[in-house]
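Asker: For reference, the structure I am asking about is given below.
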Amino acid sequence: MFLHLDTFEKNVLVLGGSIQAFNAVMSLKQNSDVTLVAHKTDLCSEFQSQIGLGEFGWYNRVYRPLDLKGKDMVINFDPSIKGLSKECKERGITYQNLSKNVSLEFGSTFKFGKLEIGTSTSGAAPLLEQSINDYISSIIPGFLPVAVEKMEKLTARLYEETLSSPTQVDFLNYIAQHWYLNAIARLTDSSISKLIEFYNNGNLTPSSDSVGLVWEKEEDKPAVVSKSVSETSSQSTAADSLEKEQLLRSESFSNRSSRPLVNEIKESPKKIPSVKTSVEIIDGAKAVSTVAYQFSEVSYIYPVYSENYPGENMIEWSKSRKQNVYNSSTKVINTTAHVGAGQSIAGSLSSGSKTSAVLSSAALGYLLPAMYNIVRDKQYPVFHVASNLISDELVLEHSNADIYKAVHTGFSILSSSNAQEAYDMAIVAHLAAEASHKPVLHFFDGVRVASQETSSVVANLRDVKQYSPDKTYGTTFEAISETLANVSKLLNRSYKPFEYHGSANAKVVLISMGSTGSAIKPAVDRLASVGHNVGYVNIRVFRPWSPAAFLSVIPTATEKIIVVDQANTSPVAIDVETAYYGQTNRNAPSVETVSFQKGLENIHPIFVEQYLANYLDGSLSREIIFDEQALSTEFHYKNSTSALFWDKKSTKTSKTIEIITGDFDKKHVQKYSQQMATSVVPAELNHLQFSENAFEEGNIVLQADLIMVNDLGIATGYNFALPLVANGKIFFNTSLSKEDLLESIPADVKKDLAKKSVSIYTLDANLVATNYTIFYGNPTHYLQEVLAAVFYRLSLGEGEFNATLNKQIARINQTAEKINVRETLKESIYYALKHLQNVGVVPSESAVVENATQKFVQGTVPSKSIFNEEDLEHSTEVSSRIVPNHRALLPVIFPTAFKTTQKLRPDIEGAFTVTVTENYRLTPDSYDRNVFHMELDITGTGLKYDIGDALGVYAQNDVEEVHKFLKSYGLNPQQVVYIDRPDGEGNTVTELRSIEQIFIHTLDIFGKPGKKFYQHLAVKATEDSEKEEIAAILETTEGFEKYVEDYTPTFADLLAMFPSAKLSIEELLVQIPSMKPRHYSIASSQKKHPNSVHLLIVVVDWESKDGVKRFGQATRFLVNAAIGSTISVSVKPSVMKLPPSLEAPVIMAGLGTGMAPFRAFIEERMYWKEKGKKVGPMVLYFGSRNRANEYLYGEELEAYHDDGILTHLRLAFSRDQKQKVYIQHKIQEDKDLLHDLIIKQNGSFYLCGPTWPVPDVTNALLESFVTSMSQEDADHMLEDLKHLERFVLEVY
C-alpha cells in the first residue's frame, strides 16, 4: 500500500507485476501519470486483463536507471531490484520498497516546499490503505513542514556565517534530535542569530529555552507520533483495535477540516531582500561562470578550443570544493561537443538537480535535439552561451549565427552587452527559469566581452537567493519581465525587455542586441543630444518575443527601423516587421537590415555615428563601413582616462596592469588584452581605461591620453602616435638620449608626434630594476612596480598621484616579506620617479618624412628589353605592399577586420609544430661527413605517420646571414609588409609581416635561382656592364649550366653581384619563391615511439669553384637546431611500405642515410614480435665507406641480429679492404637465399639510397632469379614484382 499527501498529477513509476502492484496502479492512475515496468511473464492475471486498454504506460522489460527520468515517486514491488533507495534519494524522488512483507513502514521527503510521507503495509491488508491514508493525514500537525523549512534556514546561515568545521554538523544534529519540532518551527531570524552566537562561543548543546522557545502544550511533544503503528498495535488488545477503528471512522474524521493538510500550508509572500554588493574587476566569461556555479548543483562545460574558454575557471572551483548558494560544491562536468551531447544534461535534470551549461555557441548545434526534448519534458535548465565562431583562419570572431538556431527550441533567450550585464543577466536567467518553469538561454559576446575585464558591481548571491517568485505567472514573458524588474531593484539597475535610448521623436531607430549596443548607444545618444531625431532599442528579451512590449517603446514618429545584424536573413528583422501586422492605429515604418563591414567585434561608435550622419544626409548604405580615416580624427566617446601599454610578449610585464588596477580600487577600471604571436614583432597590447563612473560600454581604446612603450624595438614597427590625443603623453622605457631616441623613431611616427604636440617621457626602467636587485629581489617584479609608479605620475593629477603612490607603498609594506626586498623596492620606485625625464615634444624640423616610407608601393611589371616579357616570371596569385608604419597598428587592434593571419608560414597547409628533443652526431668529429640523428616530440600535435613515410621539414634561413643581407641591401628589418594571398575559396587573406620575418621564415633568399631570375635582373639592371655580364652567363644553355654548377650562386649573391638591378621588396616577394620543404625518410615506427619521430640526416656542404663554402639550407638549419626549439613539419606518404602480412620476408638494401626507413621497418616488426605475433625473416644489406666512421646504428643492428628479428645482417664497407665491396656484391653472394625468400616465400625487396648502384643491384638480384628460370622470365618476374610493389626503389 502507498500513502502520499499530494499525489495529484504526480509522475509515478511502479515496478513489478504482482497483485499488490496492480492494486497500487489502479488506485494511483485516477489522478496520476503511472508507468509500469515489468516482464509480461511476471504480470498477474489482473494486469494481463488490462493490457491494451491504454490506461497506463507499460514497458515489457526489466527496470533501467533511465526509467527514473522525470519521476516524482517510485513504488517497488520487485524484490530482485537492489540499490534503488539510494538512487531515488540522490535524485530527490520519493521511494517506497513494498517488495518485502512488513507490517507498516514510513518514509518522508521534503521537496519543492511540500512534505511527502509514504507508508507501506504487507500485501495482506490492502483494504486498510484508505483508512491509514485518512488517519495519517488527520494527525500530521501543521507546523511540521514549517519546522523543516526553519531547520533548512538555520543550516544555511550557520554555513554562511561561520568557518567550515565538523562541529557544525554536531551542533545541527543536536538541535534536530533534542528539540521538539514545535520549537524548531517557531525559530525566528533573531533566535537563529542567537543560536549562531552560542555556536561561536563554543556552546554546541543549546536548549530551546535558551532562545525563548518553550512548549505551549505537553501533548504537542513528538512522543504522540514517535511510535510506528506496528509498535502501538503490539501493546493493544483486539477491543482496543476495534475502538480505534470506530474512532477512525467518526470523531477523527469530523475534525479533519480544522487541521490543515501539509500541502495546504501557505508561505507568507517574501519581500525583496537587501543585497550586499562589492566592486570587482571581472571579465564577461568569469562573470557568467561565477553565477552559473553558484546557482547550479550540476554544470556542464562544452569547450571548442583548448584554453581560455567559457566556464574554464569553474573546473578549479569544483575541485577545491567551493561552496555554492545551496551549501554544497557544484559538480562541474567538462565534456566535448558531439552528436547526442545533451543527453547527459537530460539525465541531470531528471534527477532533480539544478542544472546549467556554459558553452561556446559553436557547440550549441550539438545540443539542439536535447533542447527540444528539455522543453517537451518541462525541465528548466539555464544555458550561458558565448556567441562566437572560429573562422577558417582559426581566428575567434563574434557571431550570433548559432544563437539564431535556438530561436524555435522553446528556450527563453536573454542578451547582455558587457561584463556587468553578463553578470546581471546570468542572475536573471537563473531566477527567470525558476519563475517561469521554462529553460533559459543567456548569450554574451564570446570575443571582447568574454575577455574584457571591467570594474563590475557583484552581489552576495546568497542574498539574491533569498528572493524567489511568490506567484504564478500567466505567461513566460510576464515571468521574465517581472524578474528583470525585481533584479533591477535588487541590484539598483534599470533593465527592461526592450530598452529605448535617444530622441522621443526619433524618425530613424536602430535595433540590435548584445555587445553591438556598446557602439550604437553612445553614437545615438550623442546625435540625439545635439538635436537629431535618432533612437536605439536594445533587445534584452529576444525569446519569447512580445510584439506589444516592443511597439510600446518605439516612438510613433518613427519612419525607418534599421536592424544591425550580420545574418543574411535576420530573425530580429522578421520579428520587427511582424510586430506591426494588424496594427491599425499606427503606420508601420520601413525595416532594413544592415551589417557591419568588418565583423561585429570590430564595431565602434565612430563608425555608427558616421553611418547615421550619412543616412541623415540622404545616403543609406546596407553596411556600416569600417573607415580607417575616421579612426585618426577626433571623436566624442572619451569619458574616461585611456592608456595603451605596448610590450614584447615574451617579457611578461603585463603584470603591471594588474598592479595598477589593484591600486585603483576606488576607481572604475576596464582593461582588454590583445596578443599578436607572429605579427611584426611578437607583441602584447593592453587597453586600460579608468574613470570615477561605471563603464556602460565596452569599447576598445582608439584615443589614448597616455601610451607606455616598454620595449623600443616595438616602436620601430608601429606608429604609436596614431591613437594619441592632441597634447597626449608617450613613455619609452629606454636608455637613449633625446637625440638618439628621435633618430631611432621612424619619420612618419615623428611627424604625428610633432603634429599632436605629444610630450615624450623616458626612463631606463630596466636598469633601475637591475641595479636595485643586485643582492635582493626579482628584477621583473621591480620593473613592474616601477612602471606602475611611472604610470601614476603621468596619468594622474598631483593629489591623486600622491594618494595612489602612498597606496602602492603601503601595499608593498604589507606584502613584501623580507625587509631588504621591501626597502630596496620602495627605493627603486622613488629613484625612478626622480629620474623620469620629460624630453619635450618633437621639433617640427625633425619630423620630415621621407617619401619612400609614405607610399603604398605596388609590385611593378618590368619594362620591355632584349628579353621577351613572356619569358619573365610573374606571380598572379600573391601581391604585396609596403605600408606606412602607422597602418600596422590597425590590424593589431582589429585582426578580424583586416583578416590578418597568425601563422608564421600561412602558405603551408597541414603543417605541424614539433619540438626537438634529441640532436646528436653519429659519425666521429674528425670525420669529413657529419651524419646526425634527430628526435622530434609530436605530443599533442595530432601528427600521425606510417612506416616508410617522409617528414617534410620547413627550414629557416640563418638569422645572421639574413641580417647581413638586409643591411647590405638597405632594407629596414622592421618595415611592415602586407601580403595578399588567396585562401583557396576565392577570398583574399592579408598577412601582416615584417621584412625580417619574411626573409627568415619564408623567402628562399639563399636558394638557387632559375634562369628567369637572371633574365629579370637583366631587365632591371641600369649599368651596361652588368647587363653584358648577365647576357654572357645566359648565352648558351651549356654555359649557364656550367656556371651554376661551378659557382652555385644564390639569390642574395646575384643581387650583390648586380647592384644596379635593384628590386623593390614587392618585386623580391614575387621573384623569389618561398622555401620548399626538404623531405627525409622517417627512421622510426610510431607504434614503438607514439610521441616521437626520428630522422637520419647527413649535412650537405661543398666548396664552389671560387672557394666559397656552401651549405644545404635544410641540413644547416637542422644540424644547428637546439634542444627545445620548434620546427614546422608535414608528412608525405611514400611507396616504402611493409608487406600486408607480418610473416612475409623483407629484404632491405640501404646505403648511408638510406638506412632510415629500414630502421623503421625493423622497429615495426620488433613491436609486433614483442606483442607475441609471428613475424617473417628480415635481411638487411647495409653499405657505407667504412665500419669505424659510418656504421650507422651499428649497435642497434647487432642487437636486432642477436635477437633474431634481423635474421641476416650483410655489411658492405667499401673502403675497409683493398678491393672495394658494395652491397651488390653481398647480394650476389646470397642468390640462393634471395631466390628462396623472394620467389618461393613471396618476399619483397627494397632499396633506399643514391641512384648510382641501382643497375648493379638489379642485375645482382636477377642473378638469383635465373637459378630457376630463363633470363627472359627473370626480367618478366622483376616487372611483375614492381607492379605488385614487391620491388620498391626510393633513390635520390
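Asker: Per 0.36 nm of contour for each residue apart, how much would the distance between His1276 and Glu623 grow if the chain were fully extended, relative to their Cα-Cα spacing?
Answerer: This chain segment gains 228.0 nm when fully extended.
Asker: Just grab the label-to-label distance for Glu312 and Glu161, each label 7 Å out from Cα along the Cβ direction, in nm (one decimal).
Answerer: Here the modelled spin labels are 4.0 nm apart.
Asker: Let me ask something additional. Using the Karplus equation 6.51 cos²θ - 1.76 cosθ + 1.60 (θ = phi - 60°), what ³J(HN,Hα) coupling, rounded to whole Hz, does each residue of the range 530-543 give in order, writing x for Gly and Pro?
Answerer: Here the 3J(HN,Hα) series is 10, x, 7, 8, 10, x, 8, 10, 9, 7, 8, 10, 7, 9 Hz.
Asker: Here's something else I'd like to know. What number, in percent, do you get for the relative contact order of the range 479-532 if the mean sequence gap of Cα pairs under 8 Å and at least 6 apart is divided by its residue count?
Answerer: Worked out over the range 479-532, it gives 31 percent.
Asker: Can you compute the FRET efficiency between Met1269 and Ile1123 using 1/(1 + (r/R0)^6), with r the Cβ-Cβ distance and R0 = 41 Å? Round to the nearest 0.05.
Answerer: 0.15
Asker: Within 15 Å, Cβ to Cβ, of Phe775, how many net charges do the neighbouring residues add up to if Lys/Arg are +1 and Asp/Glu are -1?
Answerer: That sum, taken over residues with Cβ under 15 Å, equals 0.
Asker: I would also like to ask the following. Please work out the FRET efficiency for the pair Asn813 and Asn1091, using the Cβ-Cβ distance as r and a Förster radius of 60 Å; give the result to the nearest 0.05.
Answerer: Between Asn813 and Asn1091 the formula returns 0.75.
Asker: Between Thr593 and residues 5 or more places away or on another chain, which pairs have amide H atoms under 5 Å apart, with H built 1.01 Å from N, and which residues are they?
Answerer: Placed amide hydrogens put Val563 under 5 Å from Thr593.
Asker: Spin-label point model (7 Å from Cα, Cβ direction): what's the Gln1217 to Thr569 distance in nm?
Answerer: 8.3 nm
Asker: Can you give me the % of accessible surface on the range 286-435 that is carbon or sulfur? Probe 1.4 Å, all protein chains present, nothing else counted.
Answerer: 50 percent
Asker: Students sometimes get this wrong: rank Met371, Met1277 by accessible area, probe 1.4 Å, all chains present, largest first.
Answerer: Accessible-area ranking of Met371, Met1277, largest first: Met1277, Met371.
Asker: Right, next: Within 10 Å, count the other beta carbons around each residue, average over each peptide in 741-750, 808-817, and list them highest first.
Answerer: 741-750, 808-817
Asker: Once amide H atoms are built 1.01 Å from N in the peptide plane, which residues 5 or more positions from His384, or in another chain, come under 5 Å H to H?
Answerer: Ala357, Val358, Leu359, His442
Asker: Compute the length gained on full extension between Ala1031 and Tyr1043: take 0.36 nm times their separation in residues and subtract their Cα-Cα distance, giving the result in nm to one decimal.
Answerer: Additional length available on full extension: 3.1 nm.
Asker: In whole percent, and with a 1.4 Å probe on the protein chains, what portion of the accessible area of the range 1047-1087 is carbon and sulfur?
Answerer: Exposed carbon and sulfur together represent 59 percent of the surface.
Asker: Considering only protein heavy atoms, what per residue accessible area in square angstrom results for the range 1112-1226 with a 1.4 angstrom probe?
Answerer: Accessible area per residue: 43 Å².
Asker: Still on this structure, please answer the following. Beyond 21 Å between alpha-carbons counts as too far, so tell me which of Lys71/Lys438; Lys1174/Lys1240; Lys82/Lys378 fall in that bin.
Answerer: Over 21 Å Cα-Cα: Lys82/Lys378.
Asker: May I ask which of Lys667/Lys807; Lys354/Lys671; Lys69/Lys89 have a Cα-Cα span longer than 23 Å here?
Answerer: Checking Cα-Cα distances, Lys354/Lys671 exceed 23 Å.
Asker: Return the long-range amide H neighbours of Val839 (sequence gap of 5 or more, or a different chain), with a cut-off of under 5 Å between placed amide H atoms.
Answerer: Excluding prolines and chain starts, which carry no amide H, the hits are Ile760, Tyr761, Thr762.
Asker: So how far apart, in nm, are the two label points at Asn327 and Thr1251 if each is 7 Å from Cα heading toward Cβ?
Answerer: The answer from the label model is 8.4 nm.
Asker: Step through the residues of the range 1202-1208 one at a time and calculate ³J(HN,Hα) from phi using the Karplus curve (6.51 cos²θ - 1.76 cosθ + 1.60, θ = phi - 60°), rounding each to whole Hz and writing x for Gly and Pro.
Answerer: The phi angles translate into 5, 6, x, 5, 9, 5, 9 Hz.
Asker: Determine the gain in length on full extension of the stretch Asn820-Asn173; use 0.36 nm per residue of separation and subtract their C-alpha separation, reporting nm with one decimal.
Answerer: Between Asn820 and Asn173, full extension yields an extra 227.7 nm.
Asker: Here's a follow-up. Pop out the ³J(HN,Hα) list for the range 1070-1085 in order, Karplus 6.51 cos²θ - 1.76 cosθ + 1.60 with θ = phi - 60°, rounded to Hz; leave Gly and Pro as x.
Answerer: For the range 1070-1085, the Karplus-derived couplings read 7, 7, 9, x, 6, 5, 8, x, 9, 9, 10, 4, 6, 9, 8, 9 Hz, x marking Gly and Pro.
Asker: On to the next question. Select from the range 998-1061 those trypsin sites (Lys or Arg not before Pro) which occupy a DSSP coil region and have at most 12 other Cβ atoms within 10 Å, ordered by residue number.
Answerer: none
Asker: Sticking with this structure for a sec: Mind checking the per residue accessible area of the range 510-565 for me, 1.4 Å probe, whole number of Å²?
Answerer: 25 Å²
Asker: If R0 is 56 Å, what FRET efficiency do you get for Lys405 and Asp42 from their C-beta distance, rounded to 0.05?
Answerer: 0.80
Asker: Give, as ranges by residue number, the residues of the range 1120-1139 whose backbone N falls under 20 Å from the point 7 Å along Cα→Cβ of Thr941.
Answerer: It comes to 1120-1134, nothing else.
Asker: Follow-up question, since we're still on this one. Would you work out the relative contact order for the range 1081-1124, in percent, from Cα pairs under 8 angstrom that are 6 or more residues apart?
Answerer: With pairs under 8 Å counted, the relative contact order is 26 percent.
The values are calculated or read from the model by the stated rules, or taken from the named source; none is laboratory data. This one's a predicted model, so the numbers in the text were calculated from it and none came from an experiment. Note: ideal-geometry Cβ built from the backbone for every residue, glycine included; neighbour counts use all protein chains shown. Side chains included, ligands, DNA and RNA excluded: accessible areas come from the protein's heavy atoms. Shrake-Rupley method; radii C 1.70, N 1.55, O 1.52, S 1.80 Å.
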